[in-house]
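Inspection log for the structure reproduced underneath, given as structure tokens.
The values are calculated or read from the model by the stated rules, or taken from the named source; none is laboratory data. Remember, it's a predicted structure, so these values are computed and weren't measured experimentally. Cβ placement follows ideal geometry from the backbone for every residue including glycine, while neighbour counts extend to all protein chains displayed.
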Amino acid sequence: MAQDAVQFFFSRYGFGQPELERYLAAALERGGEYADLYFEYQSTSSLQVDESIVKSANSGISVGVGVRVIAGERTGYAYTDDLAPEKILHAARTAAHIASGPARTHIVGLKDTLGAGRPSLYPVVVAPTDVEIGAKLSLASRADIAARAYDKRIHQVRVGYADEVRRVLIATSEGVVTGDYQPLARLNVFCLAKDGQLSQRGSSGGGGRVDLDFFERQLTPEHLGREAAREAIQQLNARECPAGEMEVVLGPGWPGVLLHEAVGHGLEADFNRKKTSAFSGLIGQRVASEACTVVDDGTIPGRRGSLNIDDEGARTQCTVLIEKGVLKQYLQDHLSARLMGASVTGNGRRESYEHMPMPRMTNTYMLGGQDDPQDIIRGVKRGLYAVNFSGGQVDITSGKFVFSASESYLIEDGKITAPVRGATLIGNGPDVLTRVTQVGNDLRLDQGIGTCGKEGQSVPVGVGLPTIKVDRLTVGGTAS
């Protein structure tokens, strides 16, 4: 895959390694210590079915290159959507000027250092963008029909499908030239249920670095349509959530988004380098209960957050962040690793060639434990069982968070009873990890819907969690 992506750019745009070396030399001509080039060719398609009518269908292609120069703590970045040699040289010299400093280095002769080795994590047979629109429309229509058939109270259904294929070439002044071919597809369903004056919403979705056959083999549109409708109808029948401090059980899978937001971002190296994270300076210290081991793994085949290489050309890996409650390391990109004297972890990511890379998560999850999920529920006298979330906010510096549960239930005398609506979870990420008393043996990853935002950039990610019990957490509710 790496060699194929590199040759794609060489053959389509008529340049090779001598030209890459020339561009890197221009980037370093004002004294930079390090430079890299990020070429990107992206094809996309999307469609939306609303009220059983195709409301939109789009496709597009974008191409460009970003040039980064690092000199000490200064970083210069410039990009162009024109791959003519003079345009790339202009971008390189602009980035060099921004980061100009007293240090001077020379590029190492380029060679493909990552083109062989482990097989691709996403060996897609037919790229989703190469499939005719009729097949994609069929998926959306099937999801729409399944959702409407679930219950007569389903009032509105909206289905969205989107895919992309990204080809990238990365060349660095350290002598690396490599590339990747990165497919991505996702199907989403939104439902609105009405009963008299009461209306409630439900949603479902999934995908990954897959071809369209994935939606036949593993995650059918019928399943997604029914799940979105089920959640909406469930909320119609829910009672208002009580408020107060109580035991909270998080279900497996998508509830890992709470771990991602409340803990994962705080473990990204740039926040810790700048000492703005609640986890700054705590390597080697206990930050969670002994039951908690948290990893970030970009090597899981086909997953939405997985990558053969990150957006700086480094291999992704499985990084243990917290091991049995002890903080082990941060997620590193090239710049932070350089400044902190650490090793890169394959977490340098960017939204596109128009953006600088920064440390970002891939697939972040807590490892499963030894507890039976049913035993966890049976041990709760009065609490909340949260199995789906619709959004939240977190303050990286303090770790404080607020999350809205889109599907949750009361636990009464060890049994899951009534569904509730209007539940929010309020707490502090590092503090919550110390209150995890039980971890289930049912680790599950999400279905492939995660998109993470940071400093204006969005990238696809994965999350995961086994059933866990937090012995005390503030629940915001709407019950009077």
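A few comments on the model shown:
- Filter result for Gly448 (in a strand (DSSP E or B) and not basic (Lys, Arg)): no
- Taking first residues from segment 265-278 that are under 16 Å from Asn428 (Cβ atoms) and partners that are among the hydroxyl-bearing types (Ser, Thr, Tyr) and buried (at least 23 other Cβ atoms within 10 Å of the Cβ), the Cβ contacts under 9 Å between residues at least 6 apart in sequence or on separate chains come to His265/Ser277; Gly266/Ser277; Leu267/Ser277; Leu267/Tyr330; Leu267/Thr364; Phe271/Ser277; Phe271/Tyr330; Ser277/Tyr330.
- Whenever a residue of segment 131-148 is assigned by TED's automatic domain parsing to the domain that holds Val49, its partners that are among the basic types (Lys, Arg), lying with C-beta atoms within less than 8 angstrom and at least six residues away or across chains, give the pairs Ala146/Arg226; Ala147/Arg226.
- Of the residues making up segment 230-277, those that are assigned to a loop (DSSP other than H, G, I, E, B) and touching a strand residue (DSSP E or B) at 6+ places or on another chain (Cβ under 8 Å) are Asn237, Ala238, Cys241, Pro242, Ala243, Gly251, Pro252, Gly253, Trp254, Pro255, Ser277.
- The set of residues from segment 289-303 being surrounded by fewer than 24 Cβ atoms within 10 Å (Cβ to Cβ) and either assigned to a strand (DSSP E or B) or not assigned by TED's automatic domain parsing to the domain that holds Arg444 (or both) comprises Val295, Asp297.
- Strands (runs of 3 or more DSSP E) wholly inside segment 324-433 containing at least 3 residues that are under 21 Å from Met246 (Cα atoms), in contact (Cβ under 8 Å) with a residue 12 or more places away in the chain and not aromatic (Phe, Trp, Tyr): 382-394, 400-412, 415-421, 424-428
- Unique match (being without any contact (Cβ under 8 Å) to a residue 60 or more places away in the chain, part of a strand (DSSP E or B) and crowded, with 16+ Cβ neighbours inside 10 Å) among Val49, Val67: Val67
Yes/no matrix, rows are residues, columns are (1) more than 23 Å from Cys191 (Cα to Cα); (2) modelled with pLDDT under 95; (3) over 22 Å from the mean Cα position of the chain (by Cα):
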residue	(1), (2), (3)
Val380	yes, no, yes
Gly391	no, yes, no
Phe403	no, yes, no
Tyr409	no, no, yes
Gly427	yes, yes, yes
Asp431	yes, yes, yes
Arg435	yes, no, yes
Asp442	yes, no, no
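- Count of segment 47-81 residues which are closer than 14 Å to Ser141 by Cα and either among the small types (Gly, Ala, Ser) or touching a strand residue (DSSP E or B) at 6+ places or on another chain (Cβ under 8 Å) (or both): 10
- Pair list, Cβ < 7 Å and 6+ apart or interchain, from segment 285-301 residues that are basic (Lys, Arg) to residues that are assigned to a strand (DSSP E or B) and at pLDDT 95 or above: Arg286/Val326
- Checking each residue in segment 237-280 for being at positive phi and under 25 Å from the mean Cα position of the chain (by Cα) picks out Gly253, Lys275.
- Residues located in segment 7-46, provided they are closer than 30 Å to Leu139 by Cβ and in a strand (DSSP E or B): Glu40, Tyr41, Gln42, Ser43, Thr44, Ser45, Ser46
- Yes/no for Ile416 being touching a helix residue (DSSP H, G or I) at 6+ places or on another chain (Cβ under 8 Å), at pLDDT 95 or above, surrounded by fewer than 23 Cβ atoms within 10 Å (Cβ to Cβ) and outside the structural domain of Glu231 (by TED's automatic domain parsing): yes
Residues are listed down the side, and each one gets a yes or a no for (1) in contact with a Lys or Arg (Cβ under 8 Å, 6 or more places away or on another chain); (2) surrounded by fewer than 19 Cβ atoms within 10 Å (Cβ to Cβ); (3) aliphatic (A, V, I, L, M):
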residue	(1), (2), (3)
Ser336	yes, no, no
Ala342	no, yes, yes
Asn347	yes, no, no
Arg350	no, no, no
Met356	yes, no, yes
Gly369	no, no, no
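- Flag if Arg315 is at pLDDT 95 or above, closer than 30 Å to Ser404 by Cβ and of a type outside the set (A, V, I, L, M, F, W, C): no
- Scanning segment 196-212 for residues that are in contact (Cβ under 8 Å) with a residue 24 or more places away in the chain and either under 23 Å from the mean Cα position of the chain (by Cα) or farther than 18 Å from Ser406 by Cα (or both) turns up Gly202, Ser203, Ser204, Gly205, Gly206, Gly207, Gly208, Arg209, Val210, Asp211, Leu212.
- A residue that is over 23 Å from Tyr122 (Cα atoms), in contact (Cβ under 8 Å) with a residue 60 or more places away in the chain and outside any loop (DSSP other than H, G, I, E, B) cannot be found anywhere in segment 304-314.
Residue-wise test of (1) out of contact with any strand residue (DSSP E or B) (no Cβ under 6 Å at 6 or more places or on another chain); (2) over 18 Å from His260 (Cα atoms); (3) in the same structural domain as Leu425 (by TED's automatic domain parsing).
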position	(1), (2), (3)
Val344	yes, yes, yes
His355	no, yes, yes
Thr364	no, no, yes
Gly368	yes, no, yes
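- Consider segment 70-99 and keep the residues that are in contact with an Asp or Glu (Cβ under 9 Å, 6 or more places away or on another chain) and surrounded by fewer than 18 Cβ atoms within 10 Å (Cβ to Cβ). The one that is modelled with the lowest pLDDT is Gly72.
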